[in-house]
Amino acid sequence: MELIIDDPEKIYEISKALSTMTRINILQLVSITPMSISELTEKLNMSKGNISSHISELENLGLVEVEYQNGIKGIKKIIKAKYDKIIIVLKTSNSSNEP
């Protein structure tokens, strides 16, 4: 599924969210297969707290979905990508040719 963005505010928000390699790496990993916080922690060699804060930012912008499943030691978060493409449209049909 594609996310097409042409609203300047939304472009800014998404661009800001994608300004860290960690979030880009998370999106790439979960676009292949849904992963838990623990799996992402292992893959990216980062703390669970750090990964969780990045997931929270991506979830707030609607770029990932979080599901809760029963795990061995309680509930675990499973992170899924919502989109396989993010397209930023800089010029809409309503835009004029002037800068």
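The values are calculated or read from the model by the stated rules, or taken from the named source; none is laboratory data. Since we're looking at a predicted model, the values are computed, not measured. Every residue, glycine among them, receives a Cβ derived from its backbone with ideal geometry; neighbour counts consider all protein chains shown.
Assorted remarks:
- Residue that is surrounded by the most Cβ atoms within 10 Å (Cβ to Cβ) [pool: residues in the range 63-77 that are closer than 21 Å to residue 17 by Cβ and touching a residue at least 40 places away in the same chain (Cβ under 8 Å)]: 63
- The number of residues in the range 32-59 that are touching a Ser or Thr at 6+ places or on another chain (Cβ under 7 Å) and within 18 Å of residue 83 (Cβ to Cβ) comes to 1.
- Going through (1) assigned to a helix (DSSP H, G or I); (2) farther than 22 Å from residue 9 by Cα one by one, residue 56 falls short only on (2).
- Scanning the range 37-46 for residues that are hydroxyl-bearing (Ser, Thr, Tyr) and at pLDDT 95 or above turns up just one, 41.
- Residue in the range 37-49 that is surrounded by 12 or more Cβ atoms within 10 Å (Cβ to Cβ), of a type in the set (D, E, K, R), in contact with a Lys or Arg (Cβ under 6 Å, 6 or more places away or on another chain) and not in a loop (DSSP other than H, G, I, E, B) present: no
- Under the condition of being closer than 13 Å to residue 64 by Cβ, without any contact (Cβ under 8 Å) to a residue 24 or more places away in the chain and charged (D, E, K, R), the residues counted in the range 1-36 number 0.
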